[in-house]
């Protein structure tokens, strides 16, 4: 059995991001004299602070802050505390590479992000720059990726699409129309939704492709609703959604079920607000999550979240960023090194079976110090990476109450997903 090798040895995107960094690194006051003598390790965050998908920056920074809190509260990493440095990629592939280069000036040991809209613009940059990355999002083109320095703790959109189709069929909604914008991220949902929905006995009436940010979508809506769909599957940016949902209200199309992607799952978020009065009854969103009870991992995450943000109403993906930071810190501990070229090889060692299951940083580090092989099961699920550095999780189907806070409408388990894949042949 391999044992830990103990003898081996902040450029912010926007001003308000400093608060997120402080939330994670402010625990250092209780550290030992030894840890104070060592420089902090930089966790880089690459998120869209501006643009039509700027809400993703809130998801990312909230999750990073809680991950920093968890690690710093429990001794840091090999005597180092963690701190954050953020850059703004605007969810624009043109801006992504300059943002990445700016982030490299902070010398991060690990990067969290970017999200799906920009990951492909920089995915080949991490290994040459000797920095590990935990991207966020389910972009289907990464299902078979082969990048040694890149990992993904969120399940693929291809699985999310299956979950959306499964949930609809389970409710007896067998006629659907699809409304997805023309971005690569949104269009990645279409083939797996169509395949799963048809395999389960559903009929796709129309597949509408939206051009983002138009002044009206009345024509597209009229076409989507011809033939009497029982459910709408959709994904689009917030600005397009605001226009389309407003047009839908005027045309009387918001009184049947709509099932959206994880972007629409945020409590009191822009999508739910734009949907209108029927959001509490007709809007459901799929969120990749299989919260685990192992070592009380999910509840521990919620307690950390409460400490940092004074609420347990969590934002989407925050457990993914949290798990990413904990996993990277455990890999450094296991490798007795903060050099990404060294510890990146140990990510699977601390997150995958076999090993003693643990779900909090403190518990996992204690096991490593005793020479134990560990299997981290985190807040977002089991975090077992396959050969493509992807994980496979179930999904929560989230609705909303009248105050637009989340209500759990149902779950789609990994076993449910597997039954659909079997039907697809």
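The values are calculated or read from the model by the stated rules, or taken from the named source; none is laboratory data. All figures in this text were calculated on a predicted structure; none of them were measured in a lab. Note that we place each Cβ from the backbone using ideal geometry, even for glycine, and neighbour counts take in every protein chain shown.
Looking at residue 98, is it closer than 19 Å to residue 186 by Cα and part of a helix (DSSP H, G or I)? Can you show your working first?
Values: closer than 19 Å to residue 186 by Cα: no; part of a helix (DSSP H, G or I): yes.
Judged against the criteria, residue 98 is not a match.
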Completion exercise
Those residues of the stretch 151-173 that are farther than 16 Å from residue 117 by Cα and out of contact with any helix residue (DSSP H, G or I) (no Cβ under 8 Å at 6 or more places or on another chain) come to a total of 5
Exercise for the section: Could you tell me which numbered condition residue 138 fails, if it satisfies all but one of (1) assigned by TED's automatic domain parsing to the domain that holds residue 415; (2) assigned to a loop (DSSP other than H, G, I, E, B); (3) in contact with a strand residue (DSSP E or B) (Cβ under 7 Å, 6 or more places away or on another chain)? Expected result: (1)
Fill in the blank from the handout: Taking the stretch 318-327 and keeping residues touching a strand residue (DSSP E or B) at 6+ places or on another chain (Cβ under 8 Å) and farther than 17 Å from residue 389 by Cβ leaves 319, 322
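For the stretch 369-387: of the residues being outside any loop (DSSP other than H, G, I, E, B) and touching a strand residue (DSSP E or B) at 6+ places or on another chain (Cβ under 9 Å), which is surrounded by the fewest Cβ atoms within 10 Å (Cβ to Cβ)?
My answer is 375.
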Completion exercise
How many residues of the stretch 241-294 are more than 17 Å from residue 404 (Cβ to Cβ), at pLDDT below 95 and assigned to a loop (DSSP other than H, G, I, E, B)? The answer is 5
Completion exercise
residue 366 fails exactly one of (1) modelled with pLDDT of 95 or more; (2) outside the structural domain of residue 139 (by TED's automatic domain parsing); (3) buried (at least 19 other Cβ atoms within 10 Å of the Cβ), namely (3)
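Looking for whichever is assigned by TED's automatic domain parsing to the domain that holds residue 409, in contact with a helix residue (DSSP H, G or I) (Cβ under 9 Å, 6 or more places away or on another chain), farther than 27 Å from residue 377 by Cα and assigned to a strand (DSSP E or B) here; the options are 215, 177. Which one fits? Write out each step before concluding.
On the way: 215 fails: assigned to a strand (DSSP E or B).
Step by step, each of 215, 177 is checked, and only 177 is assigned by TED's automatic domain parsing to the domain that holds residue 409, in contact with a helix residue (DSSP H, G or I) (Cβ under 9 Å, 6 or more places away or on another chain), farther than 27 Å from residue 377 by Cα and assigned to a strand (DSSP E or B).
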Exercise for the section: Quick one: in the stretch 303-318, of everything that is modelled with pLDDT under 95 and buried (at least 19 other Cβ atoms within 10 Å of the Cβ), which residue is nearest to residue 364 (Cα to Cα)? Expected result: 317
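Condition test on residue 351, is it buried (at least 24 other Cβ atoms within 10 Å of the Cβ), over 15 Å from residue 67 (Cα atoms) and either at pLDDT 95 or above or under 22 Å from the mean Cα position of the chain (by Cα) (or both)?
Numbers: buried (at least 24 other Cβ atoms within 10 Å of the Cβ): yes; over 15 Å from residue 67 (Cα atoms): yes; either at pLDDT 95 or above or under 22 Å from the mean Cα position of the chain (by Cα) (or both): yes.
So residue 351 fits the description; yes.
Being part of a loop (DSSP other than H, G, I, E, B), touching a helix residue (DSSP H, G or I) at 6+ places or on another chain (Cβ under 9 Å) and modelled with pLDDT of 95 or more narrows it down to one of 75, 60, 113, 67, so name that one. I'd like the intermediate steps shown before the answer.
On the way: 60 fails: part of a loop (DSSP other than H, G, I, E, B); 113 fails: part of a loop (DSSP other than H, G, I, E, B); 67 fails: part of a loop (DSSP other than H, G, I, E, B).
Checking each option against the conditions leaves just 75.
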Exercise for the section: Would you please name the residue that is surrounded by the most Cβ atoms within 10 Å (Cβ to Cβ), looking only at residues in the stretch 118-147 that are out of contact with any helix residue (DSSP H, G or I) (no Cβ under 9 Å at 6 or more places or on another chain) and either at pLDDT below 95 or over 22 Å from residue 329 (Cβ atoms) (or both)? Expected result: 145
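Just to be sure before I move on: is residue 267 in contact with a helix residue (DSSP H, G or I) (Cβ under 8 Å, 6 or more places away or on another chain) and within 30 Å of residue 229 (Cβ to Cβ) in the structure I sent? Outline the logic, then answer.
On the way: in contact with a helix residue (DSSP H, G or I) (Cβ under 8 Å, 6 or more places away or on another chain): no; within 30 Å of residue 229 (Cβ to Cβ): yes.
The answer is no for residue 267.
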Handout entry: Candidate set from the stretch 388-398 (those that are touching a helix residue (DSSP H, G or I) at 6+ places or on another chain (Cβ under 7 Å) and part of a strand (DSSP E or B)); member that is nearest to residue 78 (Cα to Cα)
Key = 395
Handout entry: Subset of the stretch 270-309 [out of contact with any strand residue (DSSP E or B) (no Cβ under 8 Å at 6 or more places or on another chain) and closer than 22 Å to residue 45 by Cα]
Key = 302, 304, 305, 306, 307, 308, 309
Exercise for the section: Take the stretch 148-197 and flag every residue that is buried (at least 20 other Cβ atoms within 10 Å of the Cβ), in contact with a strand residue (DSSP E or B) (Cβ under 7 Å, 6 or more places away or on another chain) and more than 15 Å from residue 259 (Cα to Cα). Expected result: 149, 150, 151, 152, 153, 154, 155
